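Structure, as structure tokens:
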Amino acid sequence: MPMTWLPFVLLIVIHAAHSMAMKPMTDRLPRIKALLAMYLVCSLCGLLFWITFDGTLFTSRDLLVVGVGLGFLNFIVVQLYWAAYKINMSRTSLFLPLVSLFSATLLAIFLQEYEHLNLLAVTGFAIHLIAVWLFKVGQAQKNGGEEEEKYGRWLILTIALIATQSLQLFLMKVVASDVPTTQYIPMIYLGCLMYFGITLLCHKKEAMPPKYKSAFWGLIPVIGVLTAGFTACVYWMFQKNDGIASVSFFALSQTFVPALVGWIFFKEGKGFSRIELAGFFCGVTAALLIIFSH
């Protein structure tokens, strides 16, 4: 079917603004409280969107599948993002095209979307493995136990993120044909809000330096609105385009936008060895192969 480009363009613009606001928040705010506040804003945006453009009642099945099921997956994904971005935003983003590959595999197997699983995608996956190895070698050569430990933690978080988000995108495409955007957005965020509320009740108190309170809590409403808009664009993209093309475009927004933001605004490119920079270039190459494999 003909490609619908508008949601993809909006996705890039929104994600650039989202990445610039999200990095300071992940560096300085307590995770559970900040995410609970963010998803409260997302839920309010979703409910306003629903009241304005829909207003029909949610079905119990959709509430169970989207709110409880996909809401839980989103709850896990956002915490993995938070933890991995806190270690290094730009490095994490270069591995997110693997989400596209694994999501495309699920779409090909279960929804018979085979046309874009080709040699380019497989080659991109192989180059990503080389990039992981280069990062590992680069960290080892620094002979820093703390850096090595941080790299291992980042790698585990990133692998878990790739696996969880691949499943999330596949299921999002599955429900996109039945659940309208006006209902999906409030349900997914009300589900996330419920899970973060339960988590906060069971979570130990998180300390935060007083000087950060006003400056960085002020980012929460902005990030909440941008997050809701980003999810709406992704869902709209799934509704208007085939699944494999959609996850490829999703990979583009998730890869280059945060990488550039991390390098330009947060100076994450400083201090990398030549081997680590080679890993970045391998990641970029692999991302391009996967993205354009569709």
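Can you divide the C-alpha Rg of region 6-111 by 2.2 N^0.38 Å and report the result to two decimal places? Kindly include the intermediate steps, with their values, before the conclusion.
Numbers: Rg = 16.2 Å, N = 106, 2.2 N^0.38 = 12.9 Å.
Compared with the compact-globule rule of thumb, region 6-111 sits at 1.26.
Would you please classify the overall shape of region 6-291 from the alpha carbon gyration tensor, given that a ≥ b ≥ c denote the square roots of the eigenvalues, rounded means a/c under 1.5, and beyond that prolate means a/b larger than b/c while oblate covers the rest?
oblate
Given a cut-off of 21 Å, name the pairs among 23/150; 23/173; 173/240 whose C-alpha atoms lie farther apart than that in the structure shown.
Exceeds cut-off: 23/173.
Name the shape class, rounded, prolate or oblate, that the alpha-carbon gyration tensor gives for region 59-135, where a ≥ b ≥ c are the square roots of its eigenvalues, rounded holds for a/c under 1.5, and otherwise prolate holds if a/b is larger than b/c and oblate otherwise.
Details: a/c = 4.41, a/b = 1.23, b/c = 3.58.
In terms of gyration-tensor shape, oblate.
Tell me the label-point distance for the pair residue 47, residue 110, using the 7 Å Cα-to-Cβ offset, in nm and rounded to one decimal. Here the modelled spin labels are 3.1 nm apart. With the highest mean first, a sort of the peptides 280-288, 61-69, 96-104, 38-46 on other beta-carbon atoms found within 10 angstrom per residue produces 96-104, 38-46, 280-288, 61-69. With a Förster radius of 35 Å applied to the C-beta separation of residue 292 and residue 217, the computed FRET efficiency comes to 0.30.
Highest average first, the peptides 179-191, 158-170 ordered by how many other beta carbon atoms sit within 10 Å of their residues are 179-191, 158-170.
What is the extension gain from residue 12 to residue 177, computed as 0.36 nm multiplied by their sequence separation minus the C-alpha to C-alpha distance, in nm to one decimal? Working shown, then result.
Details: separation 165, 0.36 × 165 = 59.40 nm, distance 2.34 nm.
Extending this stretch completely gives an extra 57.1 nm.
No value in this document is a laboratory result; all are computed from the given coordinates. Since this is a predicted model, take the numbers as computed values, not measurements. Methodologically, a virtual Cβ is constructed for each residue, glycine included, from the backbone with ideal geometry; neighbour enumeration extends over all protein chains shown.
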